[in-house]
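A quick write-up on the structure given underneath.
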Amino acid sequence: MQTVQAEPLTQQTYDAQMQHYLDVIKATKPILDDPKSTADASEKSQSFCQRIDAYQQIVKLSEENSQLEMASIMYMAAKNFLDRQQQSLTKSGMTTGAMCKPVSAVTIPVE
């Protein structure tokens, strides 16, 4: 089995994709982080999964493009978030796989 190495991104393309994923994360904040949020369980679950997917994509893109500016910092920050989430879910007997269907179908497309 061969693994396909992704084509390295330009700094501009990397920055644009990072901004997209940061925008996805930012869009989840009012639903997940605001104590006054009126979102229902389904909306919270979907937002949580979108946030997890965005962080996973940041890790992947940053790892594949480690030579670019900010990639190592973005990798460490996103990996730290995902590790903390995994620890929290594990302590409560959950997994992201149990909570989230594959979110590629619900991820906001890059414009």
Checklist entry - Does Phe48 count as of a type in the set (Phe, Trp, Tyr), surrounded by fewer than 19 Cβ atoms within 10 Å (Cβ to Cβ), in a helix (DSSP H, G or I) and at pLDDT 95 or above? => result no
Next on the checklist: The conditions are (1) touching a residue at least 12 places away in the same chain (Cβ under 8 Å); (2) under 19 Å from Leu9 (Cα atoms); (3) within 17 Å of the chain's Cα centre (by Cα), and Ile73 fails exactly one of them. Which is it?
Outcome noted: (1)
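Based on this model, can you work out whether Ile58 counts as assigned to a helix (DSSP H, G or I), touching a residue at least 12 places away in the same chain (Cβ under 8 Å), of a type in the set (Val, Ile, Thr) and over 25 Å from Gln11 (Cβ atoms)? Write out each step before concluding.
Values: assigned to a helix (DSSP H, G or I): yes; touching a residue at least 12 places away in the same chain (Cβ under 8 Å): yes; of a type in the set (Val, Ile, Thr): yes; over 25 Å from Gln11 (Cβ atoms): no.
Taking the combined requirement at face value, the residue does not satisfy it.
The values are calculated or read from the model by the stated rules, or taken from the named source; none is laboratory data. Given the structure is predicted, the values throughout are model-derived calculations rather than measurements. Heads up, the Cβs are rebuilt from the backbone with ideal geometry, glycines too, and the neighbour counts pull from every protein chain shown.
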